[in-house]
């Protein structure tokens, strides 16, 4: 790419030297580029370096041409021609450029010769938004990376899917049903971190529920690379099946030390809260409902008289209009500070980064704090040997209130109390009070140390050894005062420790002979992962001031080691050969052998081969001279990856003390789970084909990928017939397939000479998943819906997660509209848990009678909907004019079905006027009011005919017009969200010089700005992975921040 | 150059084919059909002359619903085909819901229409079997004949299974309930039908309370028509004036119209069957399965006590016609005069 031009004028005399001063800055933010080596074109000589502010002073021949080259930027050449003062603006090399270096499979390569599908995001793109979890900021930035920020709880993370669904496993049922998280593997500075850990237990509230990703300060991130296909992830084999995300932290790269300070002050505001009827309005409505729909006037009067909160309106206890939501939601002020010091060159460099993040949740008694200190350094005494060390320590501290990592059930139930009741006090509202006064303190500490040594034996043969230790400890301390639990105070104390010991030894050979380049390496890799958790639960402590450890009741107090203990070992051998001819034709072959301690003894090793091909057709002779084509390539790959699932107990069984036999102590197998000696890890096999093109000198670049991904050997528990003696067995019989298309495009509509720089990026991914195998060759399997009745159907050939619902076809406008059984003459009917039928009438929902027996029962359920988003993506626009820049990020999800449980429970609150729950104004809904109405929602008031919504009753056999499991509440959850808008200003460098600052930038950011959607609930994104919008979720906050970035 | 272009094209075509091929490997979205699914009842014995829906007779064993049911090969027990069950006949079916509030006979009849149906049908997706009331023993074989044998084809998109040798053995008509008809022969066995309730009716001769056994009720079909009469007979079979049951709510006695009361009988125009639909109405028992009538009068009893006497009877009549219900005070006449 370097234009080679003659620098020496043959006719001239020996040119005389002149001294040139100047500054090299990034065009994007005006920051000086330090330690840039200035070369003289046509020679191998360097003229000098820039200092920490990017300033330089070099003495060169007056006709020389200076070359400014810096990693990550486009190289710029400037002819001196007697100029003595230069201002050089380097333009960042955009992400689609082929010269970019990506570290895929532990060895750096230019993108030009990688065959896999990978996308790199610069750390700068995510650093203007204060957010506890940096991964949430990747939303909408990478095609095929579907991020749903479905919890607003600070320090928790949303769900991450790379190329669709990877597991059909659902834990829990009803509102507490969750898809088993299958987030990709995160590799931070070359060390794999499993993001699913510490999070899988977040649901049960066992651990602190802090995502390990929340412990990384975004300011310290240099870049993030998302690997999507099998070839790119092949060398992360033993865990890479769900995709791999590489995070690289910053390194020192300036000869003179740099100190950089970043600060954000931000305000979090809660979303619009739901309106409720308050005080007298609520009482009047309830009394009207009883009078209108009660059996008769006498029983209605009696009913009201027996309900003191309706009848005794002057009683101080009931004469209230409490705004319950207002008690919990708040606007908060928050801050983050980050300071880093770095310096050095390629032979010796260092970096120290200190971060502080403090966010108070928009729900009272919740929040997240992070303290982090990260250091790295590199020593390279000579060209043959180098040594890298990296230490990072992070501490996360979180308050969960009375909820857990994901749900705020206490607040949800408290905030839905009747406004007639007084606010939380000793006499009322325990759940509410609990949310406010429960003392809860969750901490996660993380210590990570990495050392890496590299030695080049002979030219082109390098040995690298990496060793890391990652230690996490989590503690939870919760104290529940006695007034919250029938005068029983509770102390809960939890602590866990998790460690990962990791080692990799690699031998790398690379050689280029003429146009043939070969790069081959072999490595072995092993890790040991341990986890153990302890918990103590003391009840009935002496008083609220004395919080254990003694003085509790032995009978109800428990303590011990939790059964989620594990000790996992893995060892792998891997090799790769990459060959390219003139960077035109590239072939990559890799093979990996993985052994896992959780695999059954019959199948200890899994073999994971992969193949990748690439053809850079722009290098073909017929295209090299074309002016419009910057680059163009075709890629294809195939490969296999695994991820460990299950535990050693599933493969080898659990052996317990089983009493005495013949006078000897006996040890026997636990009959709960039959050991499966053929257990294998979950395997993905993926085909990928890709196409990259860049045209018109960077004005338009485009990348398209299509894939076919099989996720086989998913772990699933299967019940065994009792004659086997065992209850269950874990097998690998579930498979699914994802296939889809991904497109990213970047357009620069304005010419390079324009004063305004505008970059517009768009990406989108279509993903379809199909279930292909179930245990025992079954065609379908139904997962019961629990309290909400929302069952899930697994059926071959369909999307993997199908809802099973009653098909609501409308609302009967009159009783005459109800179908009549021609044989019996009876109207369409159902039963309320007894043999007495309930005949449908005007104002009732019309559920399709699928089997035509004129009885609504469970045989009339239909498979409907797909809770998994099918099209996801994002739009980014970046505009800069002089010192001002405006960055807008949007993300979208299209074609996704949400079950609006929040709305149905809102209507359900009208089902019993005597229950003191809150009533939401429903006048805006088109519900049935009188005969002849063409309504969307049934009559919510006819309470005497309704069955019992309570989860303890068998909701399946009841007449429930606002039941959760009906298509009436299955809504389209498509949305377009404006994630962030950032407006920034870069100060003039000359003015800053006087105060000793080399650069300064200020910016304002609005986060979670607005969501365009037709969904009737509050937020189509804040729903579970199964598409259920429950009212107990933690709402996403909107934040406004003011940021400052100073470099000394 | 040309060769390169061809190469590119070739790769594109190959990639497309590869993906097309992969999609073909995916299973198609078909229903599950469990071969263990089956009928829980294989012998069906409806009573002719009344519409009978035989439900809850199939266990799908987890097969995908709805299943499609079809009767095939209905035949006599000796294997000869049974055209009487294959042919369609005009059948009166409900179109709108009867609820007991209808004001005229025409209003009730407007809720029914005549459609063509075979006498014996299976509901397409529920597997319920229906024997229509129009099937009578003069067309359809009934006990003591061993009836019919039929097969059912059950299918969904995932599979199909034939269930062979199901039996249909109809009983002869029993036009009314309660009765003393032998179900196997369809002939009366004699004996008495007693009232359902009898309170405070004092015998004229005995001066003691009459009991169930003192009253005998009989049904008598006079011919075609749409009427129902109640007649009261004394021990000598002389008519008793129905007006003597003076507290009776004649207007709401049964769901009938155009009441005509003479000294010998009281007659209504009614819709058959009685009750029309098995739902609770003011004219039926609490469960709605029988019409319920109560004849009341009061008199001053011994010692100047006012006694309200009641004779109550719950019944059904399936066959359309002009019916008499004759209430015969067999052993003693009711005493209507004060003591």
*Restricting attention to segment A:841-859, and to residues there that are more than 10 Å from chain B (Cβ to nearest Cβ) and crowded, with 18+ Cβ neighbours inside 10 Å, which single residue is farthest from residue A:941 (Cα to Cα)?*
A:856
*Kindly establish whether residue A:795 is crowded, with 19+ Cβ neighbours inside 10 Å, touching a residue at least 40 places away in the same chain (Cβ under 8 Å) and either within 14 Å of chain B (Cβ to nearest Cβ) or within 19 Å of residue A:841 (Cα to Cα) (or both).*
yes
*Does residue A:688 count as in contact (Cβ under 8 Å) with a residue 24 or more places away in the chain and within 14 Å of chain B (Cβ to nearest Cβ)?*
yes
*Working only within segment B:48-100, note down all residues that are surrounded by 15 or more Cβ atoms within 10 Å (Cβ to Cβ), assigned to a loop (DSSP other than H, G, I, E, B) and more than 10 Å from every other protein chain (Cβ to nearest Cβ).*
B:48, B:49, B:50, B:57, B:77, B:82, B:100
*So residue B:153, is it in a strand (DSSP E or B) and more than 14 Å from every other protein chain (Cβ to nearest Cβ)*: yes
_Matching entry among A:1024, A:1039, A:1016 (being surrounded by fewer than 20 Cβ atoms within 10 Å (Cβ to Cβ), under 30 Å from residue A:164 (Cα atoms) and touching a residue at least 60 places away in the same chain (Cβ under 8 Å))_ = A:1016
*Out of (1) more than 12 Å from chain B (Cβ to nearest Cβ); (2) surrounded by fewer than 23 Cβ atoms within 10 Å (Cβ to Cβ); (3) over 30 Å from residue A:758 (Cβ atoms); (4) touching a strand residue (DSSP E or B) at 6+ places or on another chain (Cβ under 7 Å), what's the single condition that is false for residue A:881?*
(3)
*Kindly indicate which of A:833, A:810 is touching a helix residue (DSSP H, G or I) at 6+ places or on another chain (Cβ under 8 Å) and more than 9 Å from chain B (Cβ to nearest Cβ).*
A:833
*Being within 26 Å of residue A:966 (Cα to Cα), within 14 Å of chain B (Cβ to nearest Cβ) and in contact with a helix residue (DSSP H, G or I) (Cβ under 9 Å, 6 or more places away or on another chain) is the filter here, so list the residues in segment A:771-790 that pass it.*
A:781
*Could you figure out which of (1) surrounded by fewer than 21 Cβ atoms within 10 Å (Cβ to Cβ); (2) in a strand (DSSP E or B) isn't true of residue A:996?*
(2)
*Report, by residue number, each residue of segment B:239-274 that is free of Cβ contacts under 8 Å to residues at least 60 places away in the same chain, closer than 22 Å to residue B:321 by Cα and part of a loop (DSSP other than H, G, I, E, B).*
B:253, B:254, B:262, B:264, B:272
_Of all residues being at pLDDT 80 or above and surrounded by 19 or more Cβ atoms within 10 Å (Cβ to Cβ) in segment A:910-934, which is nearest to residue A:310 (Cα to Cα)? Just the residue, please._
A:913
*asked:* Would you confirm whether or not segment B:249-265 contains a residue that is within 14 Å of another protein chain (Cβ to nearest Cβ) and under 20 Å from residue B:177 (Cβ atoms)?
replied: yes
*asked:* For segment A:268-277, give me each residue that is closer than 20 Å to residue A:906 by Cβ and buried (at least 18 other Cβ atoms within 10 Å of the Cβ).
replied: A:270, A:276, A:277
*Name the residues in segment A:574-584 that are surrounded by fewer than 15 Cβ atoms within 10 Å (Cβ to Cβ) and either part of a strand (DSSP E or B) or modelled with pLDDT of 85 or more (or both), would you?*
A:581
*Output the residues belonging to segment A:955-993 that are surrounded by fewer than 21 Cβ atoms within 10 Å (Cβ to Cβ), in a loop (DSSP other than H, G, I, E, B) and touching a strand residue (DSSP E or B) at 6+ places or on another chain (Cβ under 7 Å).*
A:974, A:987
*asked:* Being crowded, with 23+ Cβ neighbours inside 10 Å, at pLDDT 80 or above and not in a strand (DSSP E or B) is the filter here; which residues of segment A:184-212 pass it?
replied: A:184
*Can you find a residue in segment B:20-37 that is outside the structural domain of residue B:184 (by TED's automatic domain parsing), within 25 Å of the chain's Cα centre (by Cα) and within 30 Å of residue A:802 (Cα to Cα)?*
no
_Any residue that is in contact (Cβ under 8 Å) with a residue 60 or more places away in the chain, within 14 Å of another protein chain (Cβ to nearest Cβ), within 16 Å of residue A:710 (Cα to Cα) and under 34 Å from the mean Cα position of the chain (by Cα) - is there at least one of those in segment A:632-642?_
yes
*asked:* Give me the residue from segment B:15-47 that is modelled with pLDDT under 60, surrounded by 10 or more Cβ atoms within 10 Å (Cβ to Cβ) and more than 8 Å from chain A (Cβ to nearest Cβ) and, out of that set, nearest to residue B:183 (Cα to Cα).
replied: B:21
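The values are calculated or read from the model by the stated rules, or taken from the named source; none is laboratory data. Predicted model, so just to flag it, every value in this text is computed and none were measured. Reconstructed Cβ throughout: ideal geometry from the backbone, glycine too, with neighbour counts over all protein chains shown.
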